[in-house]
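Report on one structure; see the data block that follows.
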Amino acid sequence: MNVQEIRKQFPILHQQVNNHPLVYLDNAATSQKPVQVIEALNRYYREYNSNVHRGVHTLGTLATDGYEGAREKVRKFINAKSVQEIIFVRGTTTALNTVAASYGRANVGEGDEIVITPMEHHSNIIPWQQLAKATGATLKYIPLQEDGTISLEDVEKTVTPKTKIVAVMYVSNVLGTINPVKEIAAIAHKNGAVMVVDGAQSTPHMKIDVQDLDCDFYAFSGHKMCAPTGIGVLYGKKELLEKMEPVEFGGEMIDFVDLYDSTWKELPWKFEGGTPIIAGAIGLGAAIDFLEEVGLDKIAEHEHKLVQYAMEQMKEIEGITVYGPKERTGLVTFNIKDVHPHDVATVLDAEGIAVRAGHHCAQPLMKWLNVSATARASFYLYNTEEEVDIFVKGLIKTKEYFGNVLF
């Protein structure tokens, strides 16, 4: 994998920030976009901007072909059985809320259980909290091990025949933990529950096969995987989606409308009310083409090398605490003793280094870590070892700035 050649395809990386070359290490929040994606969006708006599924004119046909072609690219990318299982939504948050509001309200009742983990992103906590409150169900948590991983023994103890939904993130956006979702899905199914996977942090970084995972629902966002913001995907097994009711009603998702009743289109369109996110879907398709050309296995290998390289160097700096397991995806979340994470991020930004600081939409996990906030550096296919070196030098400079003793 030629990282320098890949970097040439990302225009935003070639700039100065605060008189320093940009070192972008906030990829877990959102990734940058290659020229192929930017040009795909430009082409749509310049050459065939039109609504889809409605007109018989040429532009409408081209737009529909682009939109539905992107759906097929997503299907192949995650190895779904059918395009009917691919629902375009605004992002992971919308996808998870759709499952909670549609499947959850119809299948969860008083005395039932919903099982999640304390490491979840807020978008995979709050919908289940609300569902539990609305139905009288019990929300249960699989406990975490000391290093921030999940024990399958604890999953077996937590999931019971009363459990209706198990919802777990594939990869933690704070710890980098890779959860055993395939094994968790098997335990869920053994107890008669469905498995919901938050794939926001996994889909950009590793090859996904929803049939192999045997998850019932899988959610992810485009903007973390080189695609535009505002586009995401809900995958669901066809037999489940067919029984579910839409959560948005209006144009496009209907089959027949009478004065007092209506019927819905078939999958996937019954879940895509109104004018869909046409340009975003086309951009997502272009991003998938780009990532597959590079190779997901090569991306995962590159990120693994970067994060291990970064962690080895960070171990040598006294006063830095790194959170999460040794084996992880390409991110490192940390704190510097007696320095607030926002101050760390501010000093690094002055050096042109972009990292994230705060609770990362994971306040229960922050509480479990016994901190109010952390800083996070997250890597992607265009980052380099030289950038890691700059980042580590920035950490040392931060310690010096705040008067800490080095080494």
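So here's what we get for this one:
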{"read-out": "Single residue of Ala219, Ala185 found to be modelled with pLDDT of 95 or more, within 21 Å of Ile114 (Cα to Cα) and within 10 Å of the chain's Cα centre (by Cα)", "value": "Ala219"}
{"read-out": "Residues satisfying the stated conditions in segment 175-196, i.e. buried (at least 24 other Cβ atoms within 10 Å of the Cβ), β-branched (Val, Ile, Thr) and either within 16 Å of Gly330 (Cα to Cα) or outside the structural domain of Thr93 (by TED's automatic domain parsing) (or both)", "value": "Thr177"}
{"read-out": "Hits in segment 206-262 - residues which are of a type in the set (Val, Ile, Thr), touching a Phe, Trp or Tyr at 6+ places or on another chain (Cβ under 9 Å) and either free of Cβ contacts under 8 Å to residues at least 60 places away in the same chain or farther than 27 Å from Asn42 by Cβ (or both)", "value": "Ile208, Val210, Val247, Ile254"}
{"read-out": "Total residues in segment 267-300, condition among the aromatic types (Phe, Trp, Tyr) and farther than 24 Å from Asp209 by Cβ", "value": "1"}
{"read-out": "Top-ranked residue in segment 169-191 [being out of contact with any Lys or Arg (no Cβ under 6 Å at 6 or more places or on another chain) and among the small types (Gly, Ala, Ser); ranked as nearest to Val159 (Cα to Cα)]", "value": "Ala188"}
{"read-out": "Criterion (farther than 27 Å from Ile6 by Cα and assigned by TED's automatic domain parsing to the domain that holds Lys265) met by exactly one of Glu113, Glu72", "value": "Glu113"}
{"read-out": "Residue selected from segment 62-93 under the condition hydroxyl-bearing (Ser, Thr, Tyr) and buried (at least 20 other Cβ atoms within 10 Å of the Cβ), by the criterion farthest from the chain's Cα centre (by Cα)", "value": "Tyr67"}
{"read-out": "Test: Gly319 is over 18 Å from the mean Cα position of the chain (by Cα), in the same structural domain as Met366 (by TED's automatic domain parsing) and surrounded by fewer than 21 Cβ atoms within 10 Å (Cβ to Cβ)", "value": "yes"}
{"read-out": "From Asn42, Asn49, residue being farther than 30 Å from Ile390 by Cβ, part of a loop (DSSP other than H, G, I, E, B) and of a type outside the set (Gly, Ala, Ser)", "value": "Asn49"}
{"read-out": "Inter-residue pairs, beta-carbon under 8 Å, first acidic (Asp, Glu) and in segment 373-394, second surrounded by 22 or more Cβ atoms within 10 Å (Cβ to Cβ), 6+ apart", "value": "Glu385/Leu306; Glu387/Val23; Glu387/Leu25"}
{"read-out": "Filtered residues of segment 197-219 (kept if among the hydrophobic types (A, V, I, L, M, F, W, C), in contact with a Leu (Cβ under 9 Å, 6 or more places away or on another chain), crowded, with 24+ Cβ neighbours inside 10 Å and more than 16 Å from Glu272 (Cα to Cα))", "value": "Val197, Phe217"}
{"read-out": "Only one of Ser378, Ser372 that is touching a Pro at 6+ places or on another chain (Cβ under 9 Å), in the same structural domain as His342 (by TED's automatic domain parsing) and among the hydroxyl-bearing types (Ser, Thr, Tyr)", "value": "Ser372"}
{"read-out": "Some residue of segment 292-315 being touching a strand residue (DSSP E or B) at 6+ places or on another chain (Cβ under 6 Å), in contact (Cβ under 8 Å) with a residue 24 or more places away in the chain, in a strand (DSSP E or B) and not assigned by TED's automatic domain parsing to the domain that holds Ile126", "value": "no"}
{"read-out": "Within segment 256-288, considering residues that are surrounded by fewer than 16 Cβ atoms within 10 Å (Cβ to Cβ) and under 19 Å from Ile86 (Cα atoms), the one farthest from the chain's Cα centre (by Cα)", "value": "Glu266"}
{"read-out": "Matching option when the condition is in the same structural domain as Ala200 (by TED's automatic domain parsing) and either in a strand (DSSP E or B) or in contact with a His (Cβ under 7 Å, 6 or more places away or on another chain) (or both), among Val155, Val166, Val99", "value": "Val166"}
{"read-out": "Test for Gly104: is it more than 16 Å from Lys237 (Cα to Cα), assigned by TED's automatic domain parsing to the domain that holds Ser221 and crowded, with 17+ Cβ neighbours inside 10 Å", "value": "no"}
{"read-out": "Test: residue in segment 242-250 that is outside the structural domain of Phe379 (by TED's automatic domain parsing) and surrounded by 24 or more Cβ atoms within 10 Å (Cβ to Cβ)", "value": "no"}
{"read-out": "Subset of segment 40-70 (residues that are touching a residue at least 40 places away in the same chain (Cβ under 8 Å) and within 15 Å of Ala287 (Cα to Cα))", "value": "Ala40, Leu41, Tyr44, Gly66, Tyr67, Gly69, Ala70"}
{"read-out": "Conditions (1) under 23 Å from Ser151 (Cα atoms); (2) surrounded by 20 or more Cβ atoms within 10 Å (Cβ to Cβ); (3) aliphatic (A, V, I, L, M); (4) out of contact with any strand residue (DSSP E or B) (no Cβ under 6 Å at 6 or more places or on another chain): number failed by Leu331", "value": "(4)"}
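The values are calculated or read from the model by the stated rules, or taken from the named source; none is laboratory data. Worth saying up front: this structure is predicted, and the values here are computed from it rather than measured. Cβ coordinates were reconstructed from backbone atoms using ideal geometry, including for glycine residues, and neighbour counts include every protein chain displayed.
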